[in-house]
Structures are given as C-alpha cells and as structure tokens.
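The values are calculated or read from the model by the stated rules, or taken from the named source; none is laboratory data. All values reported here derive from a predicted model rather than from experimental measurement. Glycine also receives a Cβ, built like all others from the backbone with ideal geometry; neighbour counts cover every protein chain displayed.
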Amino acid sequence: MLTHVWIIPGLMAVSFALILLFGKRFSEKITSGIGIFFIGVCFVLACVTSVNWIQRINDPVPDPSAAASVISQPSDAGPAPVPGMTDAEAVVGAEVGPAEAAADATHAAGESTPTTEATTTGSTSTESTATEHAAGGEEHETKAAPIVTRWTWFQIGGIHFEFGFIADGLSILMLFTVTAISLLVHIYSKEYLHDDVRFTHYYAFLSLFSAAMLFYVTSSNTIQMLTGWELVGVCSFALIGHWWEDKNNSDAALKAFLTNRVGDVGLIIGVIITFFAAGATSFNVLHINQYALSPAANQTLLLVGALCLFGGVTSKSGQFPLHTWLPDAMAGPTPVSALIHAATMVVAGVYLVARLYSVFYEGLNIGDNWINYIAVIGAITIVGGAALAFVQTDIKKVLAYSTISQLGYMVMALGVGAWTGAIFHLFTHAFFKACLFLGAGSVSHAAHHTFDMRKMGGLRKYMPTTFKTFIIGTIALMGIFPLAGFWSKDEVLAGALNGQGGHAYLFMTIAGLLGAVMTCAYMTRVIYLTFYGEYRGHGTPHESPKVMTVPLWILAGGAIVLGLVNLPNWFKIGDVAYTTRFEHYVEPTFAFPVIDHAEFNLGLALGSLALGALGIFLAYQYYWLAKSPLLGLRDKSKVFGRGYWVLENKYGLDHLYTDIIVGGVKGPIARASYWFNNTVIDTVVNTAGTASVATGRVLYAQVDQKVVDGLVLSTGAGAEESGEALRHIQTGRVQQYAALLFAGAAILAVIFVVIV
Amino acid sequence: MYLNQFLMLAAAIFCIGVYGVLVRRNGIMVLMSVELILNAVNINLVAFGAFRHDITGQVFALFVIAIAAAEVGVGLALVMMLYRNSRSIDVDDIDLMKG
C-alpha cells in the first residue's frame, strides 16, 4: 500500500464524480451511502497503510536485497509503467538516507541530490545502488526513508516536473486522521443535513474536499501541494456558502476565500523561491529539504522563502492577523466546520511547515535562537484567539476561536522546534475538536437550529449523550490529565521550555501556559451557558438520533485514549517499547534537521494543570456562582472596559480589513481613480477620437477621393481608351494575320542576317 | 554535291507555300500550302544534314513530318467544323474575332 497511496485520494475523486453526476437521481440514502462507502474504504486503506508503515519501521530487514526489492518496487511494478517514468523514490530515500545517517551530525546530507539520482533510469541501476547503500548504511535509517512513487509529468528546458505521491510517517498520519474524521462527518451529516435543499451538492463537495485534502497530504512536490491547497480552499468556500441564500453566509464564504488569497500569494512566491533556491531542478519536497540542510544552502534565501510560505500558513491555518475568516466560516453547516474548519483543512498550513520543516528550521534558525517569527505568531495567536473566545455568544464561534488558539499551539510548537509536539497536537486536536463541533451541531439540532448560547442552557438534562461527549471533548481540550489534550499540549509546552540547543523559548512557554488558563476558563463558560442553568430557548429540546451520537462517542473515545500513543519516556517501566511511539513512527529521519526532544517535565505538567484548574475555578466563580471579585470589572475599571471593547471588536482587525483597506480602496482611491478616469483618460481618449475623425475626413476628401480614386479610375479609363484604339488592328481576317506573321519573320530574318 | 540547288528548291517551295497561305481562300488549300512550307524546311534540314555528314538533320526532318501530320489532322478537323457551322470553308468568312 505504501507505494500506492494515490489510490486513496483517487477513490474520493471517483466518489465526487459519482455523486456529482448521478446524485440527483438517487435518494438521499444512496447519495450519502456512496460517500460513506468510499470514505469508509479510504479509511480502511489508510489503516492498512499505517500498519504497513509501522511494520516497515518495526521489522528490521536482515537481507539487504530484500530491502532493495521493497524499495525499488515502484519502478518495476509502478501503476503506469510509461517510458518517461522515473524510478521510484526509493532513489531519493534509500540512497541518500544512509548517507545522511553517516553524516547527520554535520547536516551534510545530500552530497548526492535526488535529481542526479533520478537520472539513473532503469530498475537495474536503482536496485544495485540501493542494495549497496542498504548494505553499507544503518538499516533503520533506510527503512524510515519516505517512499515516493513518482512519474514525469512534463519536462521544460531540463526542469523536471514530476507528479508523485509520498508515503512517510507524516503523510500517513494525515491520511489516517483525515479519513477517520471525514468518515464520521459523512455519517453524521446524513442526519444533520436531512432534507436539505442541496443534499447532493453537499455530499459531492464533502467527497471532493476529502479527495483534495488526501491529495494534498500525499503530494511529493510543492506544485502538487499547491494544487491540493487551492482545491481544499475551493471546497471550503463552497461549503461555507452552502446556504448562500442568506447574504451573511455568502459573505462569509467570500471572506474566507479572499483572506486565503492574501496568504496564498505568499505561498506561491515561497514555492517559487524554494524551487529556485534548491537549484531550480525539482519541486520535490525531499530535494528542497535536503538543499536546506546542505552546507551550501543560502540562509537568506531560505529565510525569505520560509516567510513567504508562512504567509500561506497564516491565512490557511488561521494565524494572527489573518485568522478573521475562520470564525465567520462557521456560517457553513456544522459538520463542515468540524471537518474542514477544525480538524483537517485548517491544519494544512501546519502540515506545510512540518513537511518543509528543514526550510523553516534552517531559514529561521530555530535551532540556535530564543525567538523567531513563527513562534511569536503562534504565541500571539494562542493568547489572542483564546481571549476572543470569551466574548462570543455563538457556541460555534467560541469553538472557532478555540481552534485558532490551538492552531497557535501547533505553529508555536513548530517554531520552537517541537515538531512532534506540533503534529501530535494536530492529531489529538482533530479528534477532540471535531467531537466538540459535532456536539455543538447536536445541540443546535436539538435547540431549534440556533447556535446562540443565550438561547440554550440546561441542556444537560435533555441530551445526556451529547452532554457527556461534549464534556469529554472539553476536558481533552483543556488539557486535563490523562486525556489526549494533556499529553499533546504538555509536549508542546515542554518543547518550548526546553527549546533547541539550550536556548529556552521562555516567552512562548509563558504564552502557552496563559493559553492553557484561558482555554480552561472559556470552555467552562461554554459548558455553563450551554448545559447548566435553565433552558432559555423555545420548545423542548431532544436528544439527537443514534446516527449523530455514535460518531460523537467514537470521537470522544479518541479524545480519551489517543494521548496515550505518545507517552513520554518518563512513564517508561521495563523494556516494553510503549512510550513515544508517535514520535518513533511519525517523525521523519530523512532530510530532517536534528532537533532536541524535550523530556517530560513534571513541574511544567503540574504547573499547567494547576493553572488550568485555576482557570476553571475563576470561570466557575464568575459564571456559576456569579460572585467573583472579577464581576463588574469592566464597569468599574476603565482599562478593563476598554479591553472588553477591544475584544468585542476583535482587535479591530475586521475594521482594518473591511473599512480601512477595502474601504480605502473603495473610497478615496476609487474616487480618485474615477476622477482620473473621467478627466485625464477620457480627455485623452476623446481627443484621440476627435482627432482621428478629423484626420479621417481630410484623408477621405483629399487622399481617398482624389488621389486613390483618381488613380484607379484613370487606370480603367486608360485601359478602355487604349482598347478602343487598338481594336481596329483586330480585323479577324486570318490571312492578314498570316501576312503580318511572315512580314515579321522576314524582318527578323533580315535583322538576323545583317547583324550576324 | 552542291548545296545551292537544294536551297534554291527549298526557297522556291517556301515562297509558293507562303503565297498559297496568303492568297488562297479555300481553307484546305491554306493547309496544303502550310505543308509546302514545312516540306521546304525539311528539304533544307536534309540538305544541310547530308552536306555536313550529320544525321541530326534527317532526324529533325522526321520529327517535322510527324508533327506536320498531327498539325494537318487538327487543321482538317477545324476546317470540317467550320464547314459544318457555316457551310463554307472560305477563310475570309472566319472573322468572328473582328475587333
């Protein structure tokens, strides 16, 4: 399966096509059935792939030729053995992998670049080199190398555009996460979107989104990643605007799309910069990463490239200051929010950084620093997003800001070098946040399709299952021991405190801890407003049907146990390898910087737990008991009043974008352009027009009528007159002609005789 | 062998031919006069060929005879069509192209 990961996005594309073409003819049951069936198959395949990958890392292959045959398989048995097909990844992975292992202390990987390898075509040469290296190199390193199956897409001027799929720990983790969440969302949507006007449209886009996201995470080169990135953006746009009859929804869709465009400009420039930086020969991510790690790398170029790429990350992953679209994106159906705007699409940016980590690591000099751009943006996003969550009355918007805040954790973790922490948090967050979103959807399904928490309350009694799963998701999000969020958040915090090369990222640690307090507090607020007190809405709420609660339970189960996949070594008892499994299987060993792994820090863990408890306590006192000393602070203190005002206005970023930037363009600049257009350009155009008309008249009267026509007419007249004159020669008498002929001949003969 | 007598004969036949072509009104007679002109040329060719011991002249003469046959075929066909259309083979009557 590792060499055929392309099947998974391919299946979803088939599902999309089927639903799009035939969905309208079928009942809802069959339409949703197609989607669920395909994503189910994909999920199974993703599980198979995961198992294959784990086996590949686990089982040492004692026979090097066996290793070689595994590795070079794609070149023999590739899915489309066209002549132009380059040999499989293998080459990149297997050959340079051991080379790096040998020299990884000096970062001197990539003496041989993938491009040069790629020129050795034919399976024979591949196999022999692979064998050689497998024999010489450390087996573990060879095996952990990513498997890339690739074909030549096209070639222009010696530049090799490849089309390929990568299978390594990171992409397979993403395959698993995306298919798992997507499957549950597909099932859940069947009930949630029941009797919807655009049920078919919804399922088609859900499939297309899954296809695009899976395609994105399995892409082996940046061009392909860009394609997938834009495709998920389109699906996000379409699904946010699912109920476009409401202007707010279509505005939100447009806002999401346009805000992402801003970042995507950076992304495209970043892709181009990294391509040219790495020798302008290949877009392959491994090639780019290897270049970034090689001593020849141009650090300035990498820095610029990394910052441009991070522009894309900022918008897609909702980082400050381009996060504004994400809360508005909640206008879409709730399952979409769970799948796209919480669990998968928004982590595309995090995935991008993780995939091109060497570029970011070297470009921003993460290893030898105590502050850098990515970490700072992440830290700002954690605190900024969490603060905004307090003033929202819409339950989905609270969760959206919470997502922003958690994405901040991931980005910050990448910024401080805690790669595994970031990806681990991505993984656990996908589950508990999807659980919370689907829980919110269930609540709204019960409470007359409102997301306003002011119209909820007391739902604990009416919908016990939703309540229980929501509580589990909340505790996981708060990072309370021993649920999933605790382990991943703690790993991020420990990574920040530990830092790289002895430089602790102290500011980021503090931001992370502050974020933990705030997360606990705002989630307590949500729980109180939604599930406790008296019901404030209309009618009688009811529990959702099984098709919605079962996915909730599965996600809640994930939120409980998934943290255990990366237990810190601190918990290790005996020789059984059950700690840091996640790190072991997912963290790349090939074309990857050497990073320090933070150890479990008991003090930090207890500290964050204590701070979390403090957050819960403060919120409990404030909202539940309503006798906190903090009550009424915004009326009593001017500073807090101002702060509240700032938060209510979302730091004024929306005003900045809509009124100042867009308004600035629309207002004075547009007016100025209008004036310029009316006076200057129109004058020029009009003058030019009048002048041409006048010139035309003169030309017509003088040149055309007199000169040209005169010429033409006189030619005709001349021909006529000369014809009239010459017609008399034409007597029609044959013998006269013959006489003339002989006379002419005689004259010519005389001339001939005289001259010769 | 004197060349002159042949040339004189050829010139005489040529002149007769030209006279015929210019003067005779009967289309057939015109064609026959053209044959005379061609044969005057043939005599010249053969005479010069014999005089210079060169076979080329005779070969040319043969070609001329062949082409003359073709020409007279076409010519007679024309005259016949002319007769069919106007019941006359008088060349003076053929003045449709008069300007």
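Annotations for the structure displayed:
- The helices (runs of 4 or more DSSP H) found wholly in the range A:654-756 and carrying at least 3 residues that are within 14 Å of chain B (Cβ to nearest Cβ), without any contact (Cβ under 8 Å) to a residue 40 or more places away in the chain and within 30 Å of residue B:92 (Cβ to Cβ) occupy A:709-726, A:734-755.
- Residues in the range A:1-35 that are of a type in the set (Ser, Thr, Tyr) and touching a residue at least 24 places away in the same chain (Cβ under 8 Å): A:3, A:15, A:31, A:32.
- Any hit, the range A:646-656, residues being modelled with pLDDT under 80, β-branched (Val, Ile, Thr) and out of contact with any helix residue (DSSP H, G or I) (no Cβ under 9 Å at 6 or more places or on another chain): no
- Selection from the range A:390-423 of residues that are of a type outside the set (S, T, N, Q) and assigned to a loop (DSSP other than H, G, I, E, B): A:390, A:391, A:416, A:417, A:418
- Every residue from the range A:365-379 that is of a type in the set (A, V, I, L, M) and surrounded by fewer than 17 Cβ atoms within 10 Å (Cβ to Cβ): A:371
- The residue list A:358, A:317 contains one member that is at pLDDT below 90 and under 24 Å from residue A:256 (Cβ atoms), which is A:317.
- The single condition from (1) at pLDDT below 80; (2) in contact with a strand residue (DSSP E or B) (Cβ under 9 Å, 6 or more places away or on another chain); (3) not aromatic (Phe, Trp, Tyr) that residue A:503 fails is (2).
- Subset of the range A:349-381 (residues that are of a type in the set (Phe, Trp, Tyr) and closer than 17 Å to residue A:267 by Cβ): A:351, A:357, A:360, A:373
- Any chance residue A:444 is at pLDDT below 90 and either part of a helix (DSSP H, G or I) or among the acidic types (Asp, Glu) (or both): yes
- From the list B:45, B:36, B:76, B:62, the lone residue that is closer than 19 Å to residue A:742 by Cβ, assigned to a helix (DSSP H, G or I) and modelled with pLDDT of 90 or more is B:36.
- Scanning the range B:84-99 for residues that are more than 20 Å from residue B:20 (Cα to Cα) and assigned to a helix (DSSP H, G or I) gives B:84, B:85, B:86.
- Residue tally, condition in contact with a Gly (Cβ under 7 Å, 6 or more places away or on another chain) and either of a type outside the set (D, E, K, R) or at positive phi (or both), over the range A:564-589: 3
- Any hit, the range A:419-426, residues being farther than 27 Å from residue A:371 by Cβ and crowded, with 24+ Cβ neighbours inside 10 Å: no
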